Amino acid sequence: MKNELKSRTGGQLLVDALKVHGADTAFCVPGESYLAVLDALYDARDAIKLIVCRQEGGAANMAEAYGKLTGKPGICFVTRGPGATNASIAVHTAFQDSTPMILLVGQVGTDFVEREAFQEIDYRRMYGQMAKWVASIDRADRVPEYLSHAFHCAMSGRKGPVVLALPEDVLVETAAVPDTDPYREVQASPAASDIERLRGLLAAARRPFVIAGGSGWNERACADLQRFAEANALPVGCAFRFQDLFDNRHASYAGDVGIGINPQLAARIKEADLVLAIGPRLSTRCAGETRRRTPPSRAMSSRARRGRGGTWCCSTPPRRWWWPAAPRT
C-alpha cells in the first residue's frame, strides 16, 4: 500500500523545500505578509538557523555575503513594499558579483493583485534587470517546483540572485504534493580544442596578464590558479571586490584591478597582448579602469572563448582543465 502524501501549507512546503536543497541558514526581517513561513521556520528551527535583522538591507547583504563565503545560495526573507526595496541593493550586488542568492518576498494575496493593494509592487518589473529569474508562486502545490528551479537557476552557469514573491493566501493554502530531489549544480566546461587554442595563445604571448574574479571559487581553485601562474610565469590581478582570490604576497600578484588602480598596473594591462579574464565582469570597475577595448560583460560565456582585443574570457573559474602541456620558459 502506497503511503499517502501529507497535506502541508504553502509555508511548510517552502521551508521543507529549503531543507531538501541543503539550506541551513536564513536571514530575515519579520513581516506580516509571510507569517505562515515564519511559523514553519520556527517548527524547523533545529534544521534552519534563522537570523533576524533590524533592516532588510542588512539582512539581504548578509545573505549575499553568505553566498560569497559558502558558495551556496544565501537565503533572505523580507516583507513587501519597503522591505523589498531595501533588499534591492544586495540583489544588485549579487547580480554584479555573480553571487548565488534567493530572496523571498512577501506579497499581497492573489485576490488583490493589480488592485493597488497596500504596498503592492510588481516584482517582475522591479527586479527584472537585476536578477537571473523573478517569479511569483501563485499555487501552493507548485511551491516545491518553484524552489527547485530557484536553486538550479541561482547555481547554474553564471551564478546570481533569484527573487520569488510569496502571496499571503498561497502560504496558508494546503496541498498534498511530494518534495523534489535536491538541486544539482550544472556548469559548462571548455572543449579540448578550446584548451589547445589557449595553450597556443599562451605560447605566443609576450605580455600576458590574468584577471581573476567572479564566483564559484574555493580553496582548491585558488591554489590551482597560483600553480598555473607559477608554471606559466603569469602576472595576476584581482578584479573589484575579489582581492582575496590570489595571495597578495605572492611574487606573481600584480595588484587589484578596480577603483583607484595603480597607473603602472593599468598601463601594463593596456599593453598586454593576451588577457585571461577568469570569471570577472569586464566593466568599468575592471577593464574600464585600464581604458582597454574589451568585450562587454554579457559577451562572456560559460565556455572559454577568445574575445576582442586579445582577451580570453570564461565566466567560471577553471577547475581541472587549465594545466598547460609544459611550463612557459
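The values are calculated or read from the model by the stated rules, or taken from the named source; none is laboratory data. Given the structure is predicted, the values throughout are model-derived calculations rather than measurements. Using ideal geometry, Cβ is built from the backbone for each residue, glycine included, and neighbour counts are taken over all protein chains shown.
Could you tell me which numbered condition Leu198 fails, if it satisfies all but one of (1) of a type outside the set (Lys, Arg); (2) at pLDDT 90 or above; (3) out of contact with any Asp or Glu (no Cβ under 8 Å at 6 or more places or on another chain); (4) crowded, with 18+ Cβ neighbours inside 10 Å?
(2)
Applying the selection to the range 147-162, what residues are within 17 Å of Gly10 (Cβ to Cβ) and surrounded by 21 or more Cβ atoms within 10 Å (Cβ to Cβ)?
Leu147, Ala150 - these are the residues of the range 147-162 that are within 17 Å of Gly10 (Cβ to Cβ) and surrounded by 21 or more Cβ atoms within 10 Å (Cβ to Cβ).
Assigned by TED's automatic domain parsing to the domain that holds Gly237, closer than 30 Å to Tyr253 by Cα and free of Cβ contacts under 8 Å to residues at least 24 places away in the same chain - does that describe any residue in the range 195-202?
Looking for residues that are assigned by TED's automatic domain parsing to the domain that holds Gly237, closer than 30 Å to Tyr253 by Cα and free of Cβ contacts under 8 Å to residues at least 24 places away in the same chain, one finds at least one in the range 195-202, hence yes.
Among the helices (runs of 4 or more DSSP H) confined wholly to the range 5-98, which include 3 or more residues that are under 30 Å from Arg220 (Cβ atoms)?
Hits in the range 5-98: 10-20, 56-70, 82-97.
May I ask you to list the residues in the range 193-231 that are outside any helix (DSSP H, G or I), farther than 29 Å from Pro73 by Cα and within 26 Å of the chain's Cα centre (by Cα)?
The one that is outside any helix (DSSP H, G or I), farther than 29 Å from Pro73 by Cα and within 26 Å of the chain's Cα centre (by Cα): Phe209.
Look through Ala140, Ala188 and report the one residue that is closer than 26 Å to Val78 by Cβ and either in contact with a Gly (Cβ under 9 Å, 6 or more places away or on another chain) or not assigned by TED's automatic domain parsing to the domain that holds Val91 (or both).
Checking each option against the conditions leaves just Ala140.
Across the range 122-143, what is the number of residues that are more than 15 Å from Ala84 (Cα to Cα) and either at pLDDT below 85 or acidic (Asp, Glu) (or both)?
2
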